[in-house]
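What follows is one structure encoded as C-alpha cells, with my remarks underneath.
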Amino acid sequence: MPNRALYSFIIVNWNGRCLLESCLDSIYQQTYDKYEIILVDNASHDDSVAFVRANYPDVKVICLSENKGFAGGNCAGLPYASGDVIALLNTDAYLLPDWIVQMEQALGTDEKVGICASRLIVPETGLIDSAGDAFTTAFTCTKEGEFEDPQKFLENRYVTSVCAAAAVYRRKMIDDVGFFDEDFFLILEDSDLCIRAHFCGWRCLYVADAIAYHKVSATIGELSDTSVFYFSRNIEFLWLKNIPLTSMVRYFHIRIIYHFMAFFYFCILKNKWRPYLNGKLFFLKNFLKILKKRKIPKKNMGENMQAFHKELMPFRKFIFSKLHYFYR
C-alpha cells in the first residue's frame, strides 16, 4: 500500500519514567508499521531521557531547558515530525495494537475530518474515560461517556472536541488552523484547537475501535492545585479567544449559572478556592493579551457556527451527567 500515511507520534514527558515503557511499547506493537516517535522532555528531573536513549534508540529525543507544559511541549516537537498525520499520546496512556489502523481507516472516510478521538478507557476500572468530548451550551468542555460501560459507545460519530491523551491530527488541518496555543500550557489546549478547527470547516470524529487506556491525571494529579488553576484560567481563555459575540450573548445566562456551580464545587465542596480564584485572577490580568488573539474566521462562519450550535451539549444533560456521577 504505497499511499499509506506516515504517523508522527509526539509524546510529551515530564518526570514520567515509570510510565514510558508501557506507552512506548504500545506503539512498537502496532500492526501498522509506518510511524516515527518524537519524545519531548519538559526538563525532567528523573532518568526519563537516559532510559529512552538506552532502550529505544530510534526515538527522537528533544530536551527542553524548561517545562513548557503539554501545549508547549507538543509545539516544540511538531517541527521534528515528518508525518502526514500527527499522533499525540500521553505518557500515562497506551494503545491497543490496531489503533493506528483504525485511525487510518477513519481518516479515509471523510477528507474534512481533521481530528480523531480514541475510545479512552481507565485501566483500573474498565470504564470509559472519554468517548469523545463535548462543548456544552456554557462553552465548557466535558467528557462524553465518562464512568460508563465501554460497550455503550461502539459507533463512530462526530463530536465537538477531542481529548489529546490519544488522538490524531491531520497535517493539512494543522497547516490550515495552527496547532496548540502555548499560552494554555496544559488543560483545554486540545479543546481550543478543536473549536478553531470547527470554525474553519474541519470536523472531529470519535473512532470507537481506536482503543487506548488512560491512567487519568497520573502526571499532574487529579484535582491537584495545578490542574484546578489551569482549568479555572483556561476555561476563560477559551471563551474569550474563540466564542463569537452573538453566541456569548445567546448563552450568557447559562455561562453565569455554570460559574456559580463551578465556584460551589471547587471552592466550597473541594476547598480549592486558592488555585481556582488565582486562575480567574490570572485571566483578568491577561485579558487584553488573550483578547488580541481573538481571530474568528469569517469565511463560511454562519454555516460552521450553525453546525457547531447543533452539536452543543444541552446544559441540562451536562448537569445530569455530573449528578449521576456523584450519586452513582
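What follows draws every value from the coordinates through simple rules; no lab data is involved. This one's a predicted model, so the numbers in the text were calculated from it and none came from an experiment. No Cβ is skipped: glycine too gets one built from the backbone with ideal geometry, and neighbour counts run over all protein chains shown.
I need the fraction of alpha carbon pairs in segment 1-122 separated by more than 24 Å, rounded to a whole percent.
So the pairs more than 24 Å apart make up 25 percent of the total in segment 1-122.
Put +1 on the Cβ of each Lys and Arg and -1 on the Cβ of each Asp and Glu in the chain; which of GLY69, ASN42, GLY279 then has its Cα farthest toward the positive end of the dipole?
GLY279
When ASP92, ASP225, ASP33, ASP190 are ordered from fewest to most other Cβ atoms inside 10 Å of their Cβ, what list results?
The order, fewest Cβ neighbours first, is ASP33, ASP225, ASP92, ASP190.
If the only charges are +1 at each Lys and Arg Cβ and -1 at each Asp and Glu Cβ, what is the size of the charge dipole of segment 135-238 around the Cα centre, to the nearest 20 debye?
Its charge dipole is roughly 340 debye.
Under 18 Å Cα-Cα from LYS292, which aspartates and glutamates qualify once same-chain neighbours fewer than 8 residues away are excluded?
Partners found: ASP181, GLU182, ASP183, GLU189, ASP192, GLU236.
Between LEU154, LEU24, LEU205, find the one with the highest GNM mean-square fluctuation for the chain; connect C-alpha pairs within less than 10 Å.
Answer for the Gaussian network model of the chain: LEU154.
Mean residue ellipticity at 222 nm from the helices of the chain, using -39,500 (n - 2.57) per DSSP H segment of n ≥ 4 over the full residue count, to the nearest 500 deg cm²/dmol?
Per the formula, -12000 deg cm²/dmol.
Against the longest alpha carbon principal axis of the chain, how many degrees, from 0 to 90 and to the nearest 10, is the axis of helix 189-199 turned?
The angle comes out near 70 degrees.
So which trypsin sites (Lys or Arg not before Pro) in segment 82-190 pass both tests, a DSSP loop state and at most 16 other Cβ atoms within 10 Å of the Cβ?
Sites meeting the loop and neighbour criteria: LYS112.
Based on DSSP, what percent of beta bridges with both residues in the chain are antiparallel, to the nearest 5?
For the chain, the DSSP antiparallel bridge percentage is about 50.
Under a straight-distance cross-link criterion of Cα-Cα below 18 Å, which lysines are reachable from LYS295, leaving out those fewer than 8 residues away in the same chain?
Partners found: LYS241.
So, with +1 on the Cβ of K and R and -1 on the Cβ of D and E, and no other charges, what is the size of the charge dipole of the chain about its Cα centre, to the nearest 20 debye?
1700 debye
Roughly speaking, what is the stretch gain from LYS285 to PHE252, that is 0.36 nm per residue apart minus the C-alpha to C-alpha distance, in nm to one decimal?
In short, 9.7 nm is gained.
How far is it, in nm, from the label point at ASP175 to the one at VAL101 when both lie 7 Å from their Cα along the line to the Cβ?
Each label point is offset 7 Å from its Cα along the Cβ direction, giving 2.9 nm.
For LYS322, project a label point 7 Å along Cα to C-beta. Then give me every residue of segment 162-190 with its amide nitrogen under 14 Å of that point.
Label zone hits: none.
Semi-axes of the equivalent ellipsoid of segment 234-328: what are they in whole Å, largest first, if each equals the square root of 5 times a C-alpha gyration tensor eigenvalue?
27, 21, 9
Gaussian network model of the chain, Cα springs within a sub-10 Å range: biggest mean-square fluctuation belongs to which of SER82, SER65, SER227?
Its mean-square fluctuation being the largest, the pick is SER65.
Output the pairs from LYS60/LYS215; LYS68/LYS143; LYS143/LYS322; LYS112/LYS152 with a Cα-Cα distance over 20 Å in this structure; if there are none, say none.
The pairs that break the limit, which is 20 Å between Cα atoms, are LYS60/LYS215; LYS68/LYS143; LYS112/LYS152.
Check the straight Cα-Cα distances from LYS272 and name the lysines below 16 Å, setting aside those fewer than 8 residues away within the same chain.
LYS280
How would TRP239, TRP202 line up from fewest to most surrounding beta-carbon atoms within 10 angstrom?
Neighbour counts put them in this order, fewest first: TRP239, TRP202.
Considering the zone a paramagnetic label at THR226 would reach in this model (a point 7 Å from Cα along the Cα-to-Cβ line), which residues of segment 18-54 have amide N under 19 Å from it?
Inside the label zone: 18-21, 23, 39-50.
Report the gain in length on full extension from LYS293 to ALA54: 0.36 nm times residue separation, minus Cα-Cα distance, nm rounded to one decimal.
Contour length minus Cα-Cα distance gives 81.8 nm.
What is the diffusion coefficient of the chain in µm²/s, taking the Kirkwood radius over Cα pairs and the Stokes-Einstein relation at 20 °C with a viscosity of 1.002 mPa s?
Approximately 106 µm²/s, per Stokes-Einstein.
Answer with one residue from LEU223, CYS163, ASN234: the one whose Cα lies farthest towards the positive end of the charge dipole of the chain, charges on Cβ with Lys, Arg +1 and Asp, Glu -1.
ASN234
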